[in-house]
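Encoded as structure tokens, the structure appears first; notes follow it.
The values are calculated or read from the model by the stated rules, or taken from the named source; none is laboratory data. Quick caveat: nothing in here was measured; it's all calculated off a predicted structure. Reconstructed Cβ throughout: ideal geometry from the backbone, glycine too, with neighbour counts over all protein chains shown. Areas reflect the complete protein model, heavy atoms only, side chains present, ligands, DNA and RNA absent. Shrake-Rupley method; radii C 1.70, N 1.55, O 1.52, S 1.80 Å.
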Amino acid sequence: MIFITEDLDFDNLTSDQFHHLVPEKPLEAFCWDTPASPLPIVDYDLKGYREIVKSFYQRLTLLRCARNTAQSPTDTQIEDYTRYLVENQRNDPELHFGHGSWTVPEDTAIPGDAAVDFAFVPSYLAVAWLVLVKERHSDVALRVQGLDASLRRGLRFIFTKDLKGAGHEANRDLLNAVDYLSLGMVFSFVVDQQERFPRLAEKVRAIEASIKGKLANATGFSATDLYSRQRALELIRGGDRDDSLVCPPVWHQWQLSQSAWAYNRVLEIAPPIAAGTIFPLVKQAAVDVVPQLREAFDEVKPKHAVFGQRRQVTSDPVELTLNVSFDSSIESAIEQVGVVPWVSHLSSQGFMKVLNQSFISRLSYEINDRFNDAEEFSGEEFSINVSKIERHQEGYRFHICATG
């Protein structure tokens, strides 16, 4: 396979493209509104071919994976690019080897092995785009005249060779083709529409049989690894609906990043909620121990001023005899953050495991603010502050001190 998708380096997306990511290196720049090169491909131009395939792959991956992020394409961008693909499809009455659905005119001088790439790879990606638009953006699909006819021609063409490649790379080309088509959920689409496309459904079953038979038994330069074959079979059998299986590098990176982003949003929301919920209990318990705080403060209060000023002092802490839990406050914050794409579940336990220290620190700040505004302590010569929030089996306990 000439084109290597790893060139996109999805491990290094930036927050300019995805609001929750802050890695070092950006996804290589492209403009939704300006395709890399006009179609069809006329000359054996390897650089131009790579640009086209990279452009197709970037757009398709973002259409599939970037929902609810800053980089998600707009309906206008989706419609414009869909129209571009439909209007530039070749309309030869016979689609056979050498006549790519979106590429390779009859008189091209592209050599044999490369012709498989030039003819089929852009077509795999274009078909995947059209299926994904039809399945997930049906309102856009309805506005693009000729999409259904273009999709039918494209589907017929891409399965003419049962996704086979050429030469020693033929088996790996097939597995790569499965990857490309899975981005658009093409296999699930064909199976769901098998009454409409019975021959294509047979083709899909033949490809599955080929992976289990020919590819599994291949040796030498034609051999493929077991994991790649098993993954391809999963994708063909309906796994192309599963983001985590279709885009594992992207999914893994985005899952971690979105989990971190989501939990940091919870960290902004949860401490004020928790403070508002538990402060009445903490305040009442503090009222009950004010005499102890006065005594503790008087023990450390300096008896003489230095140069007319008294240094600030803090009493020994007093433990409040109540246990509290923050789970409901954190769950409430998680509900406010809402469902986050690529993250299966956010929980108060997971949040506290990752951000316990930061949460406790911010909660202490929020509680101290409320102590400063409480009228019950306005006549004291000291202020009350949280010195420690300590985990116990039944919840958390507060230690407060007098500061003045």
Notebook entry, point to check: Would you list R90, R370 from the most to the least accessible area, probe 1.4 Å?
Noted result: R370, R90
Check: Hey, which lysines would be in cross-link range of K212, C-alpha to C-alpha under 21 Å, not counting anything within fewer than 8 residues on its own chain?
Finding: K161, K164, K203
Check: Using a basic spin-label model with each label point 7 Å from the Cα along Cα→Cβ, how many nm lie between T160 and T224?
Finding: 2.2
Note to self: Using the basic label-point model (7 angstrom from Cα toward the beta carbon), what is the A209 to T314 distance in nanometres?
What the structure shows: 7.6
Notebook entry, point to check: Probe 1.4 Å, all protein chains in place: accessible area of L245 in Å², nearest 10?
Noted result: 30
Next item on the list: Kindly write out, for segment 265-280 in residue order, the coupling ³J(HN,Hα) from the Karplus curve 6.51 cos²θ - 1.76 cosθ + 1.60 (θ = phi - 60°), rounded to whole Hz, with x marking Gly and Pro.
Entry: 5, 4, 5, 6, 8, 5, x, x, 5, 4, 4, x, 6, 9, 4, x
Check: Calculated FRET efficiency, D80 and R199, Cβ-Cβ r, R0 25 Å, to nearest 0.05?
Finding: 0.20
Check: Calculated FRET efficiency, L322 and R241, Cβ-Cβ r, R0 45 Å, to nearest 0.05?
Finding: 0.35
Next item on the list: Would you pull out the residues with amide H under 5 Å of K388's amide H, same chain only if 5 or more places away, H placed 1.01 Å from N?
Entry: H399
Next item on the list: Excluding residues on the same chain fewer than 8 positions from K283, give the lysines whose Cα lies under 19 Å from its Cα.
Entry: K388
Notebook entry, point to check: Mind listing the phi-derived Karplus ³J(HN,Hα) values for segment 218-225, rounded to whole Hz, using 6.51, -1.76 and 1.60 with θ = phi - 60°, and x for any glycine or proline?
Noted result: 5, 10, x, 5, 8, 5, 10, 7
